[in-house]
Amino acid sequence: MKESPAKRATELRKQLEHHEYRYYVLDAPEISDAEYDVLIRELKALEEAHPELRTPDSPTQRVGGQPREGFVKVAHSSPMLSLDNALNEQELREFDTRVQTLLKGEPYEYVAELKLDGLSMAAQYESRQLHQAITRGDGRVGEDVTNNARTIRSLPLRLRGNAISNAFEVRGEVVMQRSSFERLNEEQEKEGLKRFANPRNAAAGALRALDPGITAARRLDYFAYFLLENGKPMLPSHWQSLERLAEAGFKVNNHRRKCKDLDELLQFIRDTESRRDALPYETDGVVAKIDSIAQQERLGWTSKAPRWAIAFKYPARQAATVLENIEVQVGRTGALTPVAHLKPVTVGGVTVSRATLHNEDEIVRLAVEIGDTVLVERSGDVIPKIVRVVEQGKDRRPFQIPKHCPICKGHIVREEGEAASRCVNASCPARLRETLLHFSARGVMDIDGLGDALVDQLLARGLVHSVADLYHLTVPQLLELERMGEKSASKVIKNIEKSRSQPLPRVLNGLGIPFVGERTAQLLAGHFGDLDRIANASVETLQEVDEVGPKVAESIKQFFGEVRNRDLVEKLRRAGLQFAGEKQPKKKGGPLAGLTFVVTGTLPTLKREEAKARIEEAGGKVAGSVSSKTSYLLAGEEAGSKLEKARELNVPILDEPGLLALLDSRSTT
């Protein structure tokens, strides 16, 4: 029985609302733009055929997603509307015909610009300086992200020359270049965090981060394309606005063209599509706008989009093929990444035979098995990915992560809350480079001169197979390497020798045990006083150490449970490293003695480390996780799951003034 239009419309609205929430609010889309377009078009067609089904809250009546909580909301000077899409040449010709009809044969020109895959932002200027930056939000109300926007180097803080004066507004697109995106995902993997799906999601997360330092670290870019005064175009033509913005110091995309007719516009689209893979950023189409502002005003707007502009979207570069096998790659941090081996297929003019599957959770989400026919999507220089299963294979079989590392046969573990499984062998060839660099870092064993270039040469020549091999290197061996003179070689060897005397906490940190950094290493060394006692301690005994919870304790136990890591420890012992240290006596007394605190979120004035230090100086204990033994949770902004846990367990919650008051009251009693 055919589904009724009313029932189908209701179903489509629910799907679209879900995907809008995932895309605009969570920055975690579950479907591609092409799949979303199919759903929204079907709903539009239903509502046009049955106007009584159209509701005020329908996704077809919305401009964009709701502003995200956590920022001050600000109204836009005029709505930031979305654009209607043309998915092929015929639809673009239909748009052009409508323009001709509405302008009654009057001549007009297009301005063609690349459609960048980023997020819109309005930047308001007063007295020639950046005053406020606002995200698009729902198109009428956005979020004030001024502090974050100031970290974007291509967004001028002060104007150049005298091209624009007084108060005005610039609208443009915030994007992340491919090189920055790839570097960010490498860092995510290094930290054991989830990879970002695409540059747009990464840029959106950075611009909305509460810490401007995160925004700065992700190296965003801003391309300007609108120049407004009191919410309206400042100049008589769009092309003039672009030129004026460039003169004033804004980054305006060079890939733009003034087109006298539709044929020139189509030629620009063909030219840019052929070059899109060579661009340093993602683009998924071309935006065409009527150049004359007077003609724009005559053409007008619908409730959600201007009639004088349209976005031509490049055809989705997707193709269906068979997933022939799934193999595992071991990354520099020991993380295991499933890689799909595909029956070769042409996608966007390139033959694709491999695609990333990111991690085990992604395989579960896709419900994909070996032998299935899958839809593969390629986006510029980003590694091809599997979008969804098209058809289940007749003899499909599930993928299972190996129990032992495919490179070194070491143990594989997956910590709770982590996206990836990892090889725990610190000397695994796949992760040895990262292990060596960490071991020699200034805050660890402090082997000055042992940087990336030297480590790469040592590995290429087969001179080291573990960090213990560093202590067998000689000056003559180093002299055989490129750009290594007598003085430099002698200095490196001297620094390696000097590192033998580094104290136990640094040696422990240098082993590269997951979740054991500088502070945890100090706490472990102070509690046990000996590396062998740490290595042989039970999970329960390890948790007696301040700030060591079940996750950290289990990680330590797994590390020393790997026979290859035990062998490494013995080699380091024979190399003369310090395995014994001073056992620190437990602090007694103090106004907060006997109380256990957990610190979470961003505090108004104190840094979290400062808050922890003040608690410990007063005799209190700071733990890493909330439990029934927690005396107080010190919570700032964006406290997250620890705050929820504290509420569940009825743990008292303090803010920063509350902590200071507690310290003051207890110190005077």
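Of everything in region 142-180 that is farther than 24 Å from GLN240 by Cβ and hydroxyl-bearing (Ser, Thr, Tyr), the residue that is surrounded by the fewest Cβ atoms within 10 Å (Cβ to Cβ) is SER179. Every test in (1) of a type outside the set (Lys, Arg); (2) surrounded by 13 or more Cβ atoms within 10 Å (Cβ to Cβ); (3) not in a strand (DSSP E or B) is passed by LEU634 save one, and that test is (3). The number of residues in region 342-373 that are over 14 Å from PRO398 (Cα atoms), of a type outside the set (S, T, N, Q) and in a strand (DSSP E or B) comes to 9. Residues in region 632-649 that are modelled with pLDDT under 90 and over 23 Å from ASP211 (Cα atoms): LYS645, ALA646, ARG647, GLU648, LEU649. All conditions but one from (1) assigned by TED's automatic domain parsing to the domain that holds ASP469; (2) outside any loop (DSSP other than H, G, I, E, B); (3) surrounded by fewer than 22 Cβ atoms within 10 Å (Cβ to Cβ) apply to GLY443; the one that does not is (2).
The criterion of at least 3 residues that are under 23 Å from GLY139 (Cβ atoms) is met by the following helices (runs of 4 or more DSSP H) wholly inside region 171-262: 199-207, 238-247.
Does LEU649 fit the bill of being crowded, with 16+ Cβ neighbours inside 10 Å and either outside the structural domain of ALA209 (by TED's automatic domain parsing) or farther than 17 Å from GLY601 by Cα (or both)?
no
Within region 295-322, residues that are at positive phi and in a loop (DSSP other than H, G, I, E, B) reach partners that are crowded, with 17+ Cβ neighbours inside 10 Å and of a type in the set (A, V, I, L, M, F, W, C) with beta carbons closer than 8 Å, at six or more positions or on different chains, in the pairs GLY300/TRP308. Please indicate, with yes or no, whether at least one residue in region 606-621 is touching an Asp or Glu at 6+ places or on another chain (Cβ under 7 Å), farther than 22 Å from HIS527 by Cβ and not aliphatic (A, V, I, L, M). No, region 606-621 contains no residue that is touching an Asp or Glu at 6+ places or on another chain (Cβ under 7 Å), farther than 22 Å from HIS527 by Cβ and not aliphatic (A, V, I, L, M).
Taking the criterion of being closer than 30 Å to ARG483 by Cα and not in a helix (DSSP H, G or I), would at least one residue in region 387-396 satisfy it? Scanning region 387-396, I find no residue that is closer than 30 Å to ARG483 by Cα and not in a helix (DSSP H, G or I), so the answer is no.
Counting just the residues of region 271-304 that are among the basic types (Lys, Arg) and closer than 27 Å to GLU106 by Cβ, which one comes out modelled with the highest pLDDT?
LYS289
When you look at TYR36, is it farther than 23 Å from ALA206 by Cα, part of a helix (DSSP H, G or I) and at pLDDT below 80, yes or no? It is true that TYR36 is farther than 23 Å from ALA206 by Cα, part of a helix (DSSP H, G or I) and at pLDDT below 80. Once region 261-286 is narrowed to residues that are closer than 15 Å to ASN88 by Cα and among the acidic types (Asp, Glu), the residue that is surrounded by the most Cβ atoms within 10 Å (Cβ to Cβ) is ASP284.
Quick grid of which residues meet (1) farther than 24 Å from ARG276 by Cα; (2) in contact with an Asp or Glu (Cβ under 9 Å, 6 or more places away or on another chain):
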| site | (1), (2) |
| --- | --- |
| ALA75 | yes, no |
| GLU89 | no, no |
| GLU94 | yes, no |
| LEU102 | yes, no |
| TYR108 | yes, yes |
| GLU113 | no, no |
| SER127 | yes, no |
| LEU130 | yes, no |
| GLY139 | yes, no |
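The values are calculated or read from the model by the stated rules, or taken from the named source; none is laboratory data. Computed from a predicted structure; not experimentally measured. Heads up, the Cβs are rebuilt from the backbone with ideal geometry, glycines too, and the neighbour counts pull from every protein chain shown.
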